[in-house]
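Here is the structure we will look at.
The values are calculated or read from the model by the stated rules, or taken from the named source; none is laboratory data. Computed from a predicted structure; not experimentally measured. Ideal geometry is used to build each Cβ from the backbone, glycine not excepted, and the neighbour counts take in all protein chains shown. In case anyone asks, the SASA skips ligands and DNA or RNA and just uses the protein heavy atoms, side chains included. Shrake-Rupley method; radii C 1.70, N 1.55, O 1.52, S 1.80 Å.
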Amino acid sequence: ADGLRDPEREIESLEVLAEREVDGLIIASTTLTLRHQVRIREVPCPVVIVNSESTVSAVPAVLSDNAGGGRVAAEHLLGLGHTRLAYLAAPSADDRAVHERIEGVRGALWAAGLAHGTLIIVPAAPGVDGGALAAVMAIGADSAISALICSNDLTAIGAIRGLRSLG
C-alpha cells in the first residue's frame, strides 16, 4: 500500500494490512511519527523498516549507505570522463540522507584530485517538475556541467525532461 507520504494514510494502510493477517510487513518510509511507532508495536506479525532508522524497539531497519551511493555514482561519472558535476538535491524528510550523499560525491571528487568547486549543488523542488527546473537551472548556472546526480528517481526523470527542453 502506498501512503503517498501522508502519515494518516500510512497509518490506515498499516491497519488494513494488519486486519488481513499478513505474514509480515516491510515499511518503506523516511519519517515515522509517534502514531506509526504505536501502531507498529501493535502489529501481530514481523516488521522491518526500510530507509528510516527504527525508533521501535525490537523492529529492525535496513538503511542505505548514502555516502557510499554518492561516492559510487560520482566515481562512475568520473570514470566516464566527467569532471564538472551537479547534484540536484530534492528536499527529503530525511535531510541527513541528502547531505550524506553529497558528502560521498565530494569525497570521490576529492580522491580524484578535483577541487571542491567542481560540484554544483542545485536545490530541486519535489517531483518531476522540480527536477526539470533544477536541471535547467544547473546548466544555466554553469554550461561546463557535463553530468547530473539526482537525489531520487522523480528528480532524475524531471532532469531528463529539463535537459531535453534545452535540446
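Tell me, which strands (runs of 3 or more DSSP E) lie completely within the range 80-160 with 2 or more residues that are surrounded by fewer than 21 Cβ atoms within 10 Å (Cβ to Cβ)?
Working: elements: 85-89, 119-123, 147-150.
In the range 80-160, the matching strands (runs of 3 or more DSSP E) lie at 119-123.
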Among the residues in the range 51-60, are any open to solvent by less than 40 Å² (accessible area, probe 1.4 Å), in a loop (DSSP other than H, G, I, E, B) and out of contact with any strand residue (DSSP E or B) (no Cβ under 7 Å at 6 or more places or on another chain)?
yes
Checking the condition among the hydrophobic types (A, V, I, L, M, F, W, C), modelled with pLDDT under 95 and more than 30 Å from Leu32 (Cα to Cα), which residue from Ala93, Ala115 passes?
Ala115
When both residues are 6+ apart or on different chains and their Cβ atoms are under 9 Å apart, which pairs have a first residue that lies in the range 111-124 and is under 12 Å from Ala144 (Cα atoms), and a second that is part of a helix (DSSP H, G or I) and open to solvent by less than 20 Å² (accessible area, probe 1.4 Å)?
Thr118/Leu109; Leu119/Ala74; Leu119/Ile102; Leu119/Val105; Leu119/Leu109; Ile120/Ala138
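Please verify whether the range 38-49 includes one or more residues that are among the charged types (D, E, K, R), surrounded by 14 or more Cβ atoms within 10 Å (Cβ to Cβ) and farther than 30 Å from Ala112 by Cα.
Taking the range 38-49 and keeping what is among the charged types (D, E, K, R), we get 39, 41-42.
Add one more test, that the residue is surrounded by 14 or more Cβ atoms within 10 Å (Cβ to Cβ), and what stays is 39.
Within this subset, residues satisfying the condition of being farther than 30 Å from Ala112 by Cα are 39.
Checked the range 38-49: at least one residue is among the charged types (D, E, K, R), surrounded by 14 or more Cβ atoms within 10 Å (Cβ to Cβ) and farther than 30 Å from Ala112 by Cα.
Output the residue which, of all residues in the range 16-43 that are of a type outside the set (A, V, I, L, M, F, W, C) and touching a helix residue (DSSP H, G or I) at 6+ places or on another chain (Cβ under 7 Å), is modelled with the highest pLDDT. Reasoning before the result, please.
Pass one, the range 16-43, residues of a type outside the set (A, V, I, L, M, F, W, C): 19-21, 23-24, 29-31, 33, 35-37, 39, 41-42.
Going one step further and asking which of them are touching a helix residue (DSSP H, G or I) at 6+ places or on another chain (Cβ under 7 Å), we end up with 29, 33, 35-36, 39.
Details: Ser29: 69, Thr33: 68, Arg35: 71, His36: 70, Arg39: 76.
If we take residues in the range 16-43 being of a type outside the set (A, V, I, L, M, F, W, C) and touching a helix residue (DSSP H, G or I) at 6+ places or on another chain (Cβ under 7 Å), then Arg39 is modelled with the highest pLDDT.
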